[in-house]
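Heads up: the structure comes next, in structure tokens.
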Amino acid sequence: MTDSQSNAQSNAMWGGRFAAGPDAIMEAINASIGFDKRLYAQDIEGSRAHAAMLAAQGILTDKDAHAIREGLLTVLSEIDSGAFDFSATLEDIHMNVEARLKALIGEAAGRLHTARSRNDQVATDFRLWVRDQCDAADAGLVALCRALLAQAEAGADWVMPGFTHLQTAQPVTWGHHMLAYVEMFSRDLGRFRDARARMNECPLGAAALAGTSFPIDREATARALGFDRPMANSLDAVSDRDFALEFLSAASICAVHLSRMAEELVIWASAQFRFVALSDRFSTGSSIMPQKKNPDAAELIRAKIGRILGAQVALFTVMKGLPLAYSKDMQEDKEQVFDAADHLMLALAAMEGMVRDMTANVPALEAAASSGFSTATDLADWLVRELDLPFREAHHVTGALVALAEAKGCDLPDLSLEEMRGVHDGIREDVFGVLGVHNSVASRVSYGGTAPERVREQVVRWKEALG
């Protein structure tokens with residue numbers, strides 16, 4: 001295509017307002033087809049709903065509506081098959097589709113844009129796309145939670161160390177630890193579902209910014225596209241990008257949770273911890289060190305938060321100073337959302353795979369749970385409960401016993417009764433019943449506690465909740 005032909009094609013879309021076409025620099029900065037072609041399915045879906053409504057309202061003839069409907073299906077098929085030729089001179093997906101439709105059906109294609117602007121068209125397309133991503137995130141999070149529940153159920157009574165400051169704190173169960181992530185990811189699930197419900201209003205029919213004088217039926221197009229209702233204010237309809245910001249906010253929090261779990265898997269898979277073995281499907285080797293098995297999938301998930309959070313900051317920055325209604329700045333609303341969604345879905349799938357495939361090293365977990373004086377709190381609680389000591393005094397006595405055990409190079413259960421009585425003469429033989437890690441976790445029966453019976457109850461609750 002020559003420059004003059006290209007300019008002529010561009011001018012034909014814009015109409016008679018401009019005598020000359022854009023130069024190469026303007027064309028390059030103005031075009032969005034390189035990325036917004038991802039909206040093609042949503043664009044065609046919205047156009048089909050709009051055409052059907054125009055026909056139902058008598059704004060389009062049935063003949064033109066039929067030609068438009070069939071032509072759009074042909075365009076969809078061409079794009080799906082890879083046969084469609086996208087043109088940067090036509091700027092965006094909307095003009096590319098319309099130009100191809102005109103080539104297929106002639107002048108009837110020009111009637112499709114009646115009572116519609118690119119402003120409400122792109123707002124509708126993008127909202128439909130983000131809504132689909134909320135559904136994809138929903139499915140990914142449910143699958144991940146189910147994988148975590150399977151681990152929790154299998155390891156409801158496996159003991160492991162619970163940490164604060166990455167120092168051994170108290171024994172917990174493997175199942176309890178897995179359920180902590182179910183809680184976290186279920187909140188993410190709730191955020192995506194809330195965001196989806198809030199965004200499920202239809203901008204189509206708002207036109208450029210003020211609505212239209214044509215007798216359109218916005219309720220019909222909203223229903224046809226699966227929206228709950230049309231948006232109530234035409235200015236807001238074309239200028240709102242809260243739905244994308246909210247999606248990125250939910251994605252950022254979810255990515256933080258994925259990163260936190262990935263960090264634990266990296267630590268747990270190390271030779272120093274040996275808490276888990278990750279499958280070969282989610283690990284790689286070293287080009288020089290044959291013994292290495294690197295948790296690369298977890299490390300890459302851990303890094304995804306950078307680009308997802310960056311996308312959120314980028315879109316907030318684009319939107320922060322825009323007056324109503326539409327500004328061209330808003331063309332910069334899509335690439336970062338596309339990128340963030342792609343990487344979030346990939347991270348969710350990879351984490352689900354790792355969780356399903358990982359194998360807990362139960363002996364190593366129990367050995368670690370028994371180290372580091374992890375039952376010191378159980379001892380302090382026993383002193384309060386059995387000897388009626390104030391907790392602060394019990395804390396002091398327990399600290400002295402820990403210091404004694406540390407000096408002897410042993411753990412608390414290895415101290416003799418006589419040695420314990422040397423610190424406090426009220427200690428009895430039955431104190432040893434609370435010092436084992438299995439006794440410790442079994443005693444934590446408060447709601448939300450780590451006791452195996454509580455873990456199993458929560459597994460049942462979550463299985464029912466997730467369906």
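The values are calculated or read from the model by the stated rules, or taken from the named source; none is laboratory data. Here the structure is a predicted model, which is why all the values come from computation and not from measurement. Note that each Cβ is placed from the backbone with ideal geometry, even for glycine, and that neighbours are counted across all protein chains shown. These area figures cover heavy atoms from the full protein model, side chains too; ligands, DNA and RNA do not enter into them. Shrake-Rupley method; radii C 1.70, N 1.55, O 1.52, S 1.80 Å.
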* Sticking with the crude label model, points 7 Å out along Cα→Cβ, report the distance from residue 279 to residue 114 in nm, one decimal please. => 5.7 nm
* Which Cα, out of 445, 379, 362, lies furthest along the positive dipole direction of the range 309-467 (beta carbon charges, K/R +1, D/E -1)? -> 445
* **Among 121, 163, 396 the positive-end extreme of the charge dipole of the chain (Cβ point charges)** => 121
* **Area projected by the alpha carbon convex hull of the range 109-235, averaged over all directions, nm²** => 11.3 nm²
* To do: Run the dipole for the chain about the Cα centre, Lys and Arg Cβ at +1, Asp and Glu Cβ at -1, nothing else charged, and hand back the magnitude in debye, nearest 20.
  => 660 debye
* Structure fact -> Here the range 449-455 yields Karplus 3J(HN,Hα) values (6.51, -1.76, 1.60; θ = phi - 60°; whole Hz; Gly and Pro given as x) of x, 8, 4, x, 5, 6, 4
* **Rounded to the nearest 20 debye, dipole of the range 246-386 from Cβ charges on Lys, Arg, Asp, Glu** => 280 debye
* Structure fact -> Relative to the chain, whose Cα atoms define the longest principal axis, helix 391-408 and its Cα axis are tilted in degrees, nearest 10, by 70 degrees
* Rounded to 10°, Cα long-axis angle of helix 335-357 versus longest principal axis of the chain -> 40 degrees
* Could you let me know the centre-to-centre spacing of the range 207-237 and the range 113-166, using Cα atoms, in angstrom? => 28 Å
* Equivalent ellipsoid semi-axes, the range 182-273, via Cα gyration tensor eigenvalues times 5, rooted, Å -> 42, 12, 8
* With charges only on Cβ, +1 for K and R and -1 for D and E, what is the dipole size of the range 402-467 about its Cα centre, in debye, rounded to 20? -> 460 debye
* With axes computed from alpha carbons, what is the tilt in degrees of helix 174-199 against the longest principal axis of the chain, rounded to the nearest 10 within 0 to 90? -> 20 degrees
* Taking K and R as +1 and D and E as -1, what net charge do the other residues with C-beta under 11 Å from the C-beta of residue 405 add up to? -> -3
* **Total formal charge among the other residues, if their Cβ is under 11 angstrom from that of residue 109, Lys/Arg +1 and Asp/Glu -1** => 0
* **Exposure ranking of 223, 196 by accessible area [1.4 Å probe, largest first]** => 223, 196
* Structure fact -> Amide H proximity to residue 169 below 5 Å, modelled H, separation 5+ or other chain, gives 162, 163, 164
* What is the log10 of I(q)/I(0) for the range 346-427, computed with the Debye formula using one identical point scatterer on each Cα and no solvent, at q = 0.25 Å⁻¹? -> -1.19
* Tell me which residues come under 5 Å, amide H to amide H, from residue 225 once H is placed; ignore anything under 5 positions away on its chain. => none
* Please report, to two decimal places, log10 I(q)/I(0) for the range 12-130 at q = 0.09, 0.19, 0.21 Å⁻¹ as given by the Debye formula with identical point scatterers on the Cα atoms and no solvent. => -0.24, -1.07, -1.27
* Asked: For the chain, with the dipole built from +1 on Lys and Arg beta-carbon atoms and -1 on Asp and Glu ones, taken about the Cα centre, which of 31, 459, 209 lies farthest toward the positive end?
  -> 209
* Listed peptides 381-394, 67-80 by packing density, highest first (mean Cβ within 10 Å) -> 67-80, 381-394
* **CD proxy at 222 nm, helix term only [per DSSP H run n ≥ 4: -39500 (n - 2.57); per residue of the chain; nearest 500]** => -20000 deg cm²/dmol
* Structure fact -> One quarter of the C-alpha convex hull surface, i.e. the mean projected area of the chain in nm², amounts to 30.3 nm²
